[in-house]
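**Q** Could you have a look at this structure, given as structure tokens, before my questions?
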Amino acid sequence: MEKCQEGYNYLRYPPMKKFLPDEPPINKQMLRKTLVLNFEGTMYSKDFKAGEGLVLHLRPGFRKFIKEMSPKYEIVVYTQEDTNFINEVIQTIDPFQTYLHWYFGNEFLTTKTKGLAKDLSFLNRTMDRVVVVDFKTDVYANNKENIIFMKHYNGEKKDDSLKELTFFLNH
């Protein structure tokens, strides 16, 4: 029975209990907040072009956004895509991992009765210091009050959502 439960837990829960390292034992006011970003559909879109292959379209202002947010927030990518694919995307967008240090793909999702969920409790952060940016809210098992909803991004060249989000997160 115990081995059966272990197999069930292996399939249901992420491979680790803490995604991020423990915070240093300093005054909480000195710590940066954690900004959790969904990637595909929120920060970029992708399509396939004959002769070119897979093409990524970053949401306008993305690089400026992460550059401006990184001193204030610990940026975490938490997405439903494969972690190896996300690694390649991040190596393209931020090759020296100056801004994007932490990323977790579908292997880090939990299962629930209606599919996969992003469980923020595995982040190893207090929820009052976590802000999530996503175009979906139904994939979050808990903590819906932490989510800033953005419209789905389909590659539009005229999109100022990140400019507005930057203003909001700065104030």
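**Q** In straight Cα distance, which aspartates and glutamates are under 20 Å from LYS118, not counting same-chain residues fewer than 8 positions off?
**A** Counting by Cα, and skipping residues close in sequence, LYS118 has these aspartates and glutamates nearby: ASP22, GLU40, GLU74, GLU81, ASP82, GLU107, ASP128, ASP134, ASP138, GLU145.
**Q** Could you check the simple spin-label distance between ASP138 and GLU23, using points 7 Å along Cα→Cβ, in nm with one decimal?
**A** Here the answer is 3.3 nm between the modelled labels.
**Q** GNM on the chain, C-alpha springs below 10 Å: top fluctuator among LYS157, LYS118, LYS136?
**A** With Cα springs under 10 Å in the chain, the top fluctuation among LYS157, LYS118, LYS136 is at LYS157.
**Q** Probe of 1.4 angstrom, ligands and nucleic acids ignored: what's the accessible area per residue over the chain, in square angstrom?
**A** Working: 10250 Å² over 171 residues.
Heavy-atom accessible area per residue stands at 60 Å².
**Q** Do any of LYS18/LYS151; LYS17/LYS64; LYS114/LYS157; LYS17/LYS72; LYS64/LYS158 go past 23 Å between their Cα atoms, and which? Walk me through the numbers before you get to the answer.
**A** Numbers: LYS18/LYS151 30 Å; LYS17/LYS64 32 Å; LYS114/LYS157 34 Å; LYS17/LYS72 25 Å; LYS64/LYS158 16 Å.
Exceeds cut-off: LYS18/LYS151; LYS17/LYS64; LYS114/LYS157; LYS17/LYS72.
**Q** Hey, what number do you get for the chain at 222 nm if only DSSP H runs of n ≥ 4 count, each worth -39500 (n - 2.57), divided across all residues, to the nearest 500?
**A** Working: 4 runs with 40 residues, N = 171.
Computed mean residue ellipticity for the chain: -7000 deg cm²/dmol.
**Q** Long-range amide H contacts for HIS101: which residues qualify at under 5 Å (H placed 1.01 Å from N, peptide plane, sequence gap of 5 or more or a different chain)?
**A** Amide H to amide H, under 5 Å and 5 or more residues apart or across chains, HIS101 pairs with ILE75.
**Q** Once you place label points 7 Å from the Cα toward the Cβ at ASP159 and TYR44, how far apart are they in nm?
**A** 1.2
**Q** Could you give each residue of the stretch 101-106 its phi-based ³J(HN,Hα) in whole Hz, using Karplus coefficients 6.51, -1.76, 1.60 with θ = phi - 60°, and x for Gly or Pro?
**A** Each residue's phi maps through the Karplus curve to give 8, 10, 8, 9, x, 4 Hz.
**Q** Can you bin the stretch 16-57 into rounded, prolate or oblate? Criterion: square roots of the alpha carbon gyration tensor eigenvalues sorted a ≥ b ≥ c, rounded for a/c under 1.5, prolate for a/b above b/c, oblate for the rest. Mind showing how you got there, number by number?
**A** Working: a/c = 4.89, a/b = 3.05, b/c = 1.60.
In terms of gyration-tensor shape, prolate.
The values are calculated or read from the model by the stated rules, or taken from the named source; none is laboratory data. These figures come from a predicted structure and were not determined experimentally. All Cβ positions, glycine included, derive from the backbone under ideal geometry; neighbour counts span all protein chains shown. Just the protein is used for accessible areas: all its heavy atoms, side chains included, with ligands, DNA and RNA removed. Shrake-Rupley method; radii C 1.70, N 1.55, O 1.52, S 1.80 Å.
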